[in-house]
2 protein chains.
Amino acid sequence: MFGKGLDVCCGSCPHAWPNFKNLSSDEIKELSKHRFQSNFSAGETIFKAGSPTSSAVFLSSGIAKVYLEGFDGKKIILNLAKPGYLLAGPGNYVDSTHHYSVVALTDVTACFIDMNLIKSYVRKNPMFAEGYLKDISGKSLRIFYKMMSLVQKKMPGRMAEGLLSLADEVYGADEFNPILSRQELGELTGMAKENVVRIMKEFCNEGIISTNGSTITIKDKDKLKLISANG
Amino acid sequence: MFGKGLDVCCGSCPHAWPNFKNLSSDEIKELSKHRFQSNFSAGETIFKAGSPTSSAVFLSSGIAKVYLEGFDGKKIILNLAKPGYLLAGPGNYVDSTHHYSVVALTDVTACFIDMNLIKSYVRKNPMFAEGYLKDISGKSLRIFYKMMSLVQKKMPGRMAEGLLSLADEVYGADEFNPILSRQELGELTGMAKENVVRIMKEFCNEGIISTNGSTITIKDKDKLKLISANG
DNA sequence: ACTTTGCATTGATATTTATCACTATATTAG
DNA sequence: CTAATATAGTGATAAATATCAATGCAAAGT
């Protein structure tokens, strides 16, 4: 299913961007009219770094990975996006291009909203502008801490932190299927895939986690937190 | 010299934050009235991560280093701030605390402007809000690229990039005194101070740069760019 | 002048991490 | 079912980087 509008109102969408609460009902109606919707299969690209930020994108279902394209094709996964997460990035107010790429990890339904409309609300509606500022500020802060972690922690610390963030922030459970391959877990934690395997095995041997097929279970969260904190 | 106001108007300050151009003359007057000014000697802390973002800070003269406080007291220098650079950070719209620290590298004169005033203009003046969004977006993007560089490039690439950014973005000249110690150059480029020394020596031997006392001269910028680009 | 202190520099060494080569195990396409 | 392809896993090795232990050097204080 894809196409325009589908007579659904963004104001009643349970997965809407929280900042849409700051829009008037007229603005919401206008927004809903200009909404496009499209489906992506797991593995498909939703948008690529370098493409124009013509639309703000939100997932209404599914999970996607948000990553920077580095040198030699190496990637850094910044975040896993769930419904409610604004996919547009800081390039929107700098050079109107995306600076990260987004790829569906599961099957995904995505809403596309004309960026000019968003920008016009920023100009007309100060609370909406403030909400946008809060959104981008929060994401900036996350990047600060991600950078500190990647630069200063050693591999076991980064791996522990990655597993904790998957459990607490993404899946909300201590037993989860990360969907990410070992390669992608490496892109999330800044290490080669072989080292992901080795460190996870070590964590298993020490009884900190266990794995069953593709499912990871955190057995000793306190220890994992300790490893994450000690770098 | 320190204290309130001093009858100087932020509207005519050549070092004012560019976004102040979006304020009305009344707003500028009000801003100027609520301005505090204070001097810092080289090495003095202007504010620390964790402190409340009660004021937006701008330098009217001098240079300061902006850095993250990492683990084990290790630091990451994000930027060198010159006049015109908003020192407030993304914490302002998240938890009202600073997430980076700022220390004067030279003697500095700093202006403190009540953050509630800034926030009130964001709510009242959409163009000012948009300017704020642009500011924080640009800084976010810089962090993206800084992170990629620190995570994916090897030491010579990071060192080359650091020297180029000092020359082009901070000092605007190929011969400059970085003011930063070797330790601090390491915090800027993500390496131990000993490795800063070794790589700079290597660059000297290859005729890419030369050093005279604390002055660094870039001799072969193209080669430096190549090293930076190749990681 | 003489100590003290901090930074710069150097070489040796240890640690961390990536890479390579390969096997095993799935998973998918025909 | 079987070949083909992708991912997971393993061990050995090489490369990158940090750490340690000295030494020199220069500014600042007494």
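Nothing in this text is a laboratory measurement; each read-out follows from the coordinates by a stated rule. Remember, it's a predicted structure, so these values are computed and weren't measured experimentally. Using ideal geometry, Cβ is built from the backbone for each residue, glycine included, and neighbour counts are taken over all protein chains shown.
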Worksheet item: What are the distances, in nm and sorted shortest first, from the label point of B:LYS193 to the label points of the same position in each other copy, with each label point placed 7 Å from Cα along the Cα-to-Cβ direction?
Response: 4.2
Worksheet entry | Loop GluC sites (Glu not before Pro), region B:20-124, which have at most 16 other Cβ atoms in a 10 Å radius of their Cβ (DSSP) | B:GLU44
Worksheet item: Nm distances between the label at B:LYS29 and the same-position labels in the remaining copies, 7 Å along Cα→Cβ, shortest first?
Response: 4.2
Response to the item:
Shielding of B:131-139 by other chains, given as the mean Cβ count within 10 Å, works out to 6
Fill in: Cross-link table A:LYS74/B:LYS146; A:LYS134/B:LYS21; A:LYS48/B:LYS134; A:LYS153/B:LYS139; A:LYS139/B:LYS134; A:LYS201/A:LYS223, entries beyond 18 Å C-alpha to C-alpha
A:LYS134/B:LYS21; A:LYS48/B:LYS134; A:LYS153/B:LYS139
Item to complete: Sort A:HIS15, B:HIS99 so the one with the fewest other Cβ atoms within 10 Å of its own Cβ comes first.
Response: A:HIS15, B:HIS99
Discussion item. Applying a 10 Å radius around every beta-carbon, put B:32-39, A:115-122 in order of their mean neighbour count, most first.
Written reply: A:115-122, B:32-39
Fill in: Calculated FRET efficiency for the pair B:SER120/A:LYS154, C-beta based, R₀ 41 Å, to 0.05
0.35
Worksheet item: P(r) of region A:1-122 in 5 Å steps, Cα pairs, percent per bin?
Response: 2, 11, 22, 24, 20, 13, 5, 2, 1, 0
Worksheet item: Once the Cβ-Cβ distance between B:SER214 and A:ASP72 is put in as r, and R0 is 30 Å, what FRET efficiency do you end up with, to the nearest 0.05?
Response: 0.30
Worksheet entry | Residue exposure sequence - A:LYS153, B:LYS48 - by fewest surrounding Cβ within 10 Å | B:LYS48, A:LYS153
Practice prompt. Distances from B:LYS124 to the same position in the other copies: list them in nm, one decimal, shortest first, using label points 7 Å from Cα along Cα→Cβ.
Written response: 2.3
Discussion item. With a cap of 16 neighbouring Cβ atoms within 10 Å, and only residues DSSP puts in a loop, list the GluC sites (Glu not before Pro) found in region A:137-231.
Written reply: A:GLU206
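Given Cα pairs under 8 Å that are at least 6 residues apart, what percent is the relative contact order of region B:1-140?
31
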Discussion item. If you split all Cα-Cα distances of the protein assembly as shown into 20 Å bins from zero, what percentages do you get per bin, shortest first?
Written reply: 22, 52, 24, 1
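For chain A, what is the mean residue ellipticity at 222 nm derived from helices alone (per DSSP H run of n ≥ 4: -39500 (n - 2.57); sum divided by total residues; nearest 500 deg cm²/dmol)?
Mean residue ellipticity at 222 nm (helix-derived): -12000 deg cm²/dmol.
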